[in-house]
2 protein chains.
Amino acid sequence: MKVLIVGATGTIGRAVAAELGKSHEVIAAGRSSGAVRMDMTDAASIAAAFKKVGRVDAVVCTAGHVKFAPFAEMHGEDYEVGNRDKLMGQVNLVLIGRETVADGGSFTLTTGVLDSDPIRGGSSASLVNGAINAFVMAAAIEMPRGLRINAVSPGLIQESAEALAPYFPGFETVPAARAALAYARSVEGAQTGRVYRVP
Amino acid sequence: MKVLIVGATGTIGRAVAAELGKSHEVIAAGRSSGAVRMDMTDAASIAAAFKKVGRVDAVVCTAGHVKFAPFAEMHGEDYEVGNRDKLMGQVNLVLIGRETVADGGSFTLTTGVLDSDPIRGGSSASLVNGAINAFVMAAAIEMPRGLRINAVSPGLIQESAEALAPYFPGFETVPAARAALAYARSVEGAQTGRVYRVP
């Protein structure tokens, strides 16, 4: 398979590239690194990247930014950061990429444990993750040409835990390599409309 | 209690106003009707409405629009309709109203059955409902002054079913008066961070 990984140089993206790279051709895309440059917040940039890459069998997105701040300090524009980036960036990746993915191919998006297990400062992340999980479930039943779509919702990634642990009290960590297996399950499996939780 | 109902002249809003009106002072707000005019998509309009109404004990929102169309015809701007209206309209209602609600007061937002049971043409509704459910869960743990926040996720409302039934094959209907009980449960109860499903 030919697999486009958006955010391939991030902590999760590298692990997914390593896992899928064992048996597939991986094309790395990112805002400022990778073989293909793509700014997910810019529809024209997404379209240009797909045009450059051509037909692929799977698209994996491990990118997406949201603002973290105490709820008391969060205002409308702070939520718009995540809505533009991790939410509509991933949705637009599907909407714009759906013509380029081969029959029976797949999209695999990324949410995270805050979809169901909130922390202080994480209300935008929860909102965005809940939105993507529901979008994946709904888009799955209307996908053309046997295309599939799933999300992976990993817990606190072990490789990022040192910096983030104070915000995730008592959360167990997940090695990125273990989260990567869920992406492989989505890409190589036959399921659709699923949220793969890796707690 | 003094209860502000946004969308009080809609099908669900009328039933909630009737239920809560039995024992509370209800103030009706809406875009083009009600004692107070409020356009949820306009932060200035929300702020002006709260300034006019003053301190309230509970805010209920039964308003919110999303675009319904087959997934193949949905593009980024079509999702933005629901993101601006039902999603960020309700979020902004909380962000802007949180200073005006009395200690121990509550917000009750509206999602719907498409949060977990998708239909053709409903991918934006699913996305928005999933986002609000997760926002409510996350905002609840950071609310100041004992404020509470819940969502009601009703099924297909009986009074709207004649027009909508073709889009909801085999869905059982829910009388608006029964859905209204879930709003009363949120407003008069003590729970927070909950999604009350009324299937």
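The values are calculated or read from the model by the stated rules, or taken from the named source; none is laboratory data. Note that the structure is predicted; figures quoted are calculated from it, not measured. Cβ sites come from the backbone with ideal geometry, for glycine too, and all protein chains shown count toward neighbours. Side chains are part of the model used for accessible areas, which takes the heavy atoms of the whole protein and leaves out ligands, DNA and RNA. Shrake-Rupley method; radii C 1.70, N 1.55, O 1.52, S 1.80 Å.
Okay, here's what the table says:
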| quantity | calculated |
| --- | --- |
| Percent of alpha-carbon pairs separated by more than 23 Å within chain B | 39 |
| Candidates B:A28, B:A165, B:A63: whichever shows maximal mean-square fluctuation once chain B is modelled as a Gaussian network with Cα springs under 10 Å | B:A165 |
| Helix-only mean residue ellipticity at 222 nm for chain B, each DSSP H run of n ≥ 4 adding -39500 (n - 2.57), per residue, nearest 500 | -11000 deg cm²/dmol |
| The range A:80-192, accessible surface, carbon-and-sulfur percent (1.4 angstrom probe) | 52 |
| Calculated label separations, A:Q191, copies of the chain, 7 Å along the beta-carbon direction, nm | 2.8 |
| Integer Hz, Karplus 6.51/-1.76/1.60 couplings in order for the range B:69-74, x for Gly and Pro | 6, x, 3, 4, 9, 8 |
| Cα point-scatterer Debye curve for the range B:82-163, base-10 log of I(q)/I(0) at q = 0.12, 0.13, 0.19, 0.27 Å⁻¹ | -0.38, -0.44, -0.83, -1.30 |
| Per residue accessible area of the range A:1-145, 1.4 Å probe, in Å² | 36 |
| GNM result for chain A, Cα springs below 10 Å: residue of A:R98, A:R84, A:R145 fluctuating most strongly | A:R145 |
| Overall form of the range A:118-199 per C-alpha gyration tensor (a/c, 1.5; a/b vs b/c) | oblate |
| Cβ-based net charge around A:E99, under 13 Å, with every Lys or Arg adding one and every Asp or Glu removing one | +3 |
| Teacher prompt: B:A35 distances to equivalent labels in other copies, 7 Å Cα→Cβ, nm | 6.5 |
| Cut-off 11 Å between beta-carbons: net charge of the residues surrounding B:V174, Lys and Arg +1, Asp and Glu -1 | 0 |
| Cα-only Debye scattering, the protein assembly as shown: base-10 log of I(q)/I(0) at q = 0.08, 0.13 Å⁻¹ | -0.42, -1.03 |
| Longest site-free stretch - chain A; sites: GluC sites (Glu not before Pro), DSSP loop, at most 14 other Cβ within 10 Å | A:1-98 |
| Choice from A:L114, A:L95, A:L156 with maximal GNM fluctuation in chain A (Cα, 10 Å cutoff) | A:L95 |
| Long pairs among A:K86/B:K86; B:K2/B:K52; A:K2/A:K67; A:K2/A:K51; A:K2/A:K52, criterion Cα-Cα beyond 22 Å | A:K2/A:K67 |
| Aspartates and glutamates with Cα under 17 Å of B:K22, excluding same-chain neighbours fewer than 8 positions away | B:D57, B:E188 |
| Total accessible area lost when A and B pair, probe 1.4 Å, Å² to nearest 100 | 2700 |
| Shielding score for A:118-125, defined as the mean number of other chain Cβ atoms within 10 Å | 5 |
